[in-house]
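Nothing in this text is a laboratory measurement; each read-out follows from the coordinates by a stated rule. Since the model is a prediction, treat every value here as computed from it, not as a measurement. Ideal geometry is used to build each Cβ from the backbone, glycine not excepted, and the neighbour counts take in all protein chains shown.
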Amino acid sequence: MNNGEIIAWQRETKARELIKKMENRGFTAHYAVNSEMARKLVLDLLPVVGSIALLGSQTMNQIGVYEQLRQSGRSLVDHATQTKPDSNPEEALNYKRGIFHAAAMLASANAVDSEGRLYNIDGIGNRVAGMIFGPDSVILAIGLNKLTATPQEAWRRIRQIASPLNNKRLGLPNPCIRSGRCHDCQTLSSICNYFTIIDRSKPEKRIKIVLIGEDLGY
């Protein structure tokens with residue numbers, strides 16, 4: 001075996017072990033070796049009818065799911081492209097609430113611990129609220145770079161990796177974009193307002209996870 005094959009073997013071995021733990025927690029879990037396989041898996045998991053909510057996810061963007069859905073003609077709740085430029089804050093917020101009427105929502109998680117729990121940080125709460133009490137089907141694409149050994153490491157990943165990178169991506173005037181690390185700031189522009197752990201899926205199999213053997217997202 002060459003180095004690439006050995007690394008792929010290790011990643012898949014870790015993923016298969018994690019999948020068993022996730023299934024014991026009521027999640028449906030799958031493994032995709034690469035982005036192409038992950039894109040196909042995510043699209044195959046979508047319900048045949050009904051609108052699809054696209055929540056903020058660099059992983060879904062990277063594997064090409066959002067681009068394909070935007071070209072598919074399906075009904076979407078997609079505030080990244082469908083919110084009108086002249087919308088006031090109230091109108092934009094009401095549009096985002098449309099995720100609760102969708103047949104399915106797509107997103108990612110910010111971290112996963114070795115026991116299969118999902119960890120997230122959110123700005124206004126629409127993404128985590130949708131995961132917890134939103135559409136009947138929630139599909140999450142998660143790169144194995146987000147796997148952590150312990151809950152403490154999961155929280156650290158959220159604070160010190162996901163948050164600064166997303167602040168930089170969005171161009172927000174928060175301290176982390178200057179230092180590259182979290183300052184636990186209390187600014188009005190903070191996107192670190194809601195922290196959640198999803199211990200299991202209830203109803204069972206409502207949350208569907210596609211683990212990907214690549215470094216994806218933040």
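For the stretch 3-212, what ratio Rg/Rh do Cα atoms give with a Kirkwood hydrodynamic radius? Working shown, then result.
Details: Rg = 17.0 Å, Rh = 17.7 Å.
For the stretch 3-212, the value is 0.96.
Give, in whole angstrom and from largest to smallest, the semi-axes √(5λ) of the equivalent ellipsoid of the stretch 1-124, with λ running over the eigenvalues of the Cα gyration tensor.
Equivalent ellipsoid of the stretch 1-124: 31, 17, 14 Å, largest first.
Could you list, in their original order, any pairs among Lys96/Lys168; Lys40/Lys168; Lys40/Lys208 whose Cα atoms are separated by more than 20 Å?
Over 20 Å Cα-Cα: Lys96/Lys168; Lys40/Lys168.
Which of Val112, Val33, Val42 ends up with the largest GNM mean-square fluctuation for the chain, with Cα atoms connected below 10 Å?
Among Val112, Val33, Val42, the largest mean-square fluctuation in the Gaussian network model of the chain belongs to Val33.
How big is the antiparallel share of DSSP beta bridges in the stretch 59-218, given as a percent to the nearest 5?
Given both bridge residues lie in the stretch 59-218, the antiparallel proportion sits at roughly 35 percent.
Using a Gaussian network model on the chain with a 10 Å cutoff between Cα atoms, which of Ile121, Ile191, Ile52 fluctuates the most?
For the chain, modelled as a Gaussian network with Cα springs under 10 Å, the answer is Ile191.
Suppose R0 equals 25 Å; then what is the FRET efficiency for Val49 and Arg206 from their Cβ-Cβ distance, rounded to the nearest 0.05? Display every interim value, and only then the final one.
Values: r = 18 Å, r/R0 = 0.70.
About 0.90, to the nearest 0.05.
Given +1 on the Cβ of Lys and Arg, -1 on the Cβ of Asp and Glu, and no further charges, what dipole in debye does the stretch 3-212 carry about its Cα centre, rounded to the nearest 20? Working shown, then result.
Values: 28 positive and 19 negative charges, 54 e Å.
Dipole size: approximately 260 debye.
Extending each Cα 7 Å along its Cβ direction at Ser189 and Arg169, get the distance between those two points in nm, one decimal.
The two pseudo-label positions are separated by 1.8 nm.
Specify which residue in the list Ile177, Leu45, Val33 is farthest towards the positive end of the charge dipole of the chain, using unit charges on the beta carbon of Lys, Arg (+1) and Asp, Glu (-1), about the Cα centre.
With unit charges placed on the Cβ atoms, the residue in question is Ile177.
Hey, fewest Cβ within 10 Å first, where do Thr150, Thr59, Thr28 land in order?
By the 10 Å Cβ count, ascending, the order reads Thr150, Thr28, Thr59.
For Gly143, list long-range residues whose amide hydrogen, built 1.01 Å from N in the peptide plane, is under 5 Å from its own amide hydrogen.
Here Ile212, Leu216 satisfy the definition.
Using the Karplus equation 6.51 cos²θ - 1.76 cosθ + 1.60 (θ = phi - 60°), what ³J(HN,Hα) coupling, rounded to whole Hz, does each residue of the stretch 173-180 give in order, writing x for Gly and Pro?
Rounded to whole hertz, the list is x, 9, x, 5, 6, 9, 9, x.
Residue by residue through the stretch 137-145, which ³J(HN,Hα) values in whole Hz follow from phi under the Karplus form 6.51 cos²θ - 1.76 cosθ + 1.60 (θ = phi - 60°), with glycine and proline marked x?
Result, ordered by residue: 10, 10, 10, 10, 9, 9, x, 5, 5 Hz.
Under 5 Å between amide hydrogens, which residues at least 5 positions from Asn174 or on another chain qualify, with H placed 1.01 Å from N in the peptide plane?
none
Once you have the Cα-Cα distance between Glu5 and Gln82, take 0.36 nm times their residue separation minus that, and quote the gain in nm to one decimal.
Values: separation 77, 0.36 × 77 = 27.72 nm, distance 4.18 nm.
My answer for the length gained is 23.5 nm.
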